[in-house]
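K.L.:
I'd like to ask you about the structure that follows.
The values are calculated or read from the model by the stated rules, or taken from the named source; none is laboratory data. None of the values given here were measured: they were computed from a predicted structure. Quick reminder, even Gly has a Cβ in these numbers, built from the backbone with ideal geometry, and neighbours come from all protein chains shown. Calculation scope for accessible area: heavy atoms of the full protein, side chains included, ligands and nucleic acids excluded. Shrake-Rupley method; radii C 1.70, N 1.55, O 1.52, S 1.80 Å.
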Amino acid sequence: MMLVNGIWQAAWNPYQKTGENGDFIRQTSSFRHWVTVDGSAGRTGSAGFKAEAGRYHLYVALICPWASRALLVRKLKKLEKVISISIVDPRLTDQGWRFVTKEQGGLAGATEDHLHHSQFIHQLYTKADPAVSGRATVPVLWDKHTNTIVNNESADIIEMLNSVFDQWGDASVNLRPASLIEPLNQLNPWLYEQVNNAVYQAGFAQSQAAYEEAVTKLFSALEELEQRFADGRAYLLGDSLSEADIRLFVTLVRFDAAYVGAFKCNLKQIADLPFLNRYLRRIYQLEGVADTVSIEHIKQGYYSVKALNPNGVVPVGPELAFLKPSKEAL
């Protein structure tokens, strides 16, 4: 834990919790309130967070797949004028995520904390709860009215963004239609365990056995996904973009640029999987999607993790196949 009773404890490190086998165990999110249409309580947490335009603010990191899926749903739902954002610099410091603009030495695209002018993300956590314990992660959904964190679990946040702000956003975009709830409930946990979190289990494994178990699981899943798209489908669950596609995309778009090298996920690249690469390109080329992706932030961020890359040298390549023009029909 980096925060204990509201006090920052030690230099940031990527290892949250480790199992007996040296395997990486992800921490559970600590703020789980829900924004609802009428302000009533959601599945977890307390009531009082009513959907209103301009009331909420999203803190994200462009390096982070969990934060980026919230940013992507915000973009697809056309909520840019409804929910404001701040973007941290992708290079992790000893105190975690930092706000630093380009003029202050940050990467282009990073911003200040527009609400509180905080220096670090962890300061938002102690502002919301002075006695908080845990890791200071992104995304963070902040309520400007009550001046607190609503939620820091990306799965909850993307579900909220998909529906509760439809009065102001694009209600025609629905990533969780009733007809897909059952298949989404089956596919989403599989994607998390076999792909989204598996890259981290490989990258942050602290034993050879844990690493090999994670990387084997990951590439088995990628091969299964490659075969899934061999039938010509456009998206995971057919011809319509769904929440599952958002969850998969944010991992795939980082894979060749960062996970192959920094996380040792190098049995293959996405470029070596033609159906998955075409699928990745298809989503990347959807209106607005590219605006939520920064390959520079991704590379600079992952290769700034001292535990993985002590010298901080960032590779020049690779050329990313999904960015190249394709003569194939998408």
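K.L.:
Over region 118-224, average the accessible area per residue using a 1.4 Å probe and give it in Å², no decimals. Show your work: numbers first, answer last.
P.N.:
Numbers: 4150 Å² over 107 residues.
That works out to 39 Å² for each residue.
K.L.:
Placing +1 at every Lys and Arg Cβ and -1 at every Asp and Glu Cβ, with all other atoms neutral, what dipole size does region 205-330 have around its Cα centre, in debye to the nearest 20?
P.N.:
Numbers: 14 positive and 16 negative charges, 54 e Å.
Result for region 205-330 is approximately 260 debye, rounded to the nearest 20.
K.L.:
Out of Gly134, Gln95, Asn196, whose Cα points farthest toward the positive end of the dipole of region 90-222 (charges: +1 Lys, Arg; -1 Asp, Glu; placed on Cβ)?
P.N.:
Gln95
K.L.:
Taking a cut-off of 15 Å between Cα atoms, list the aspartates and glutamates near Lys217, but don't count ones fewer than 8 places away on the same chain.
P.N.:
Lys217 reaches Asp23, Glu193, Glu226.
K.L.:
With +1 on each Lys and Arg Cβ and -1 on each Asp and Glu Cβ, and nothing else charged, work out how big the dipole of the chain is about its Cα centre, in Debye to the nearest 20.
P.N.:
Numbers: 33 positive and 35 negative charges, 83 e Å.
In debye, rounded to 20, the chain gives about 400.
K.L.:
If you place +1 on the Cβ of every Lys and Arg, -1 on the Cβ of every Asp and Glu, and leave all else neutral, what size is the dipole of region 162-241 about its Cα centre, to the nearest 20 Debye? Numbers along the way, then the final one.
P.N.:
Working: 4 positive and 11 negative charges, 22 e Å.
Using Cβ point charges on Lys, Arg, Asp and Glu, region 162-241 gives about 100 debye.
K.L.:
Helices from the chain with mean Kyte-Doolittle at least -1.0 and a Cα length along the axis of 24 Å or more, per DSSP H: which? It would help to have the intermediate numbers written out before the result.
P.N.:
On the way: long enough: 208-228 (30 Å, -0.48).
Helices passing the filter in the chain: 208-228.
K.L.:
To continue, here is another question. Ignoring ligands, DNA and RNA, please state the percent of accessible area on region 29-97 from carbon and sulfur, probe 1.4 Å. Kindly include the intermediate steps, with their values, before the conclusion.
P.N.:
On the way: 1240 of 2360 Å².
Exposed carbon and sulfur together represent 53 percent of the surface.
K.L.:
Using only helices, what value at 222 nm comes out for the chain when you add -39,500 (n - 2.57) per DSSP H run of length 4 or more and divide by the total residues, to the nearest 500 deg cm²/dmol? Spell out each step's value before the answer.
P.N.:
Working: 9 runs with 99 residues, N = 330.
Calculated from helices alone, the mean residue ellipticity at 222 nm is -9000 deg cm²/dmol.
K.L.:
Could I ask something else about it? Less than 27 Å apart at the alpha-carbon level, and either on another chain or at least 8 residues along: which lysines does that give for Lys144?
P.N.:
Lys50, Lys75, Lys77, Lys78, Lys81, Lys102, Lys127
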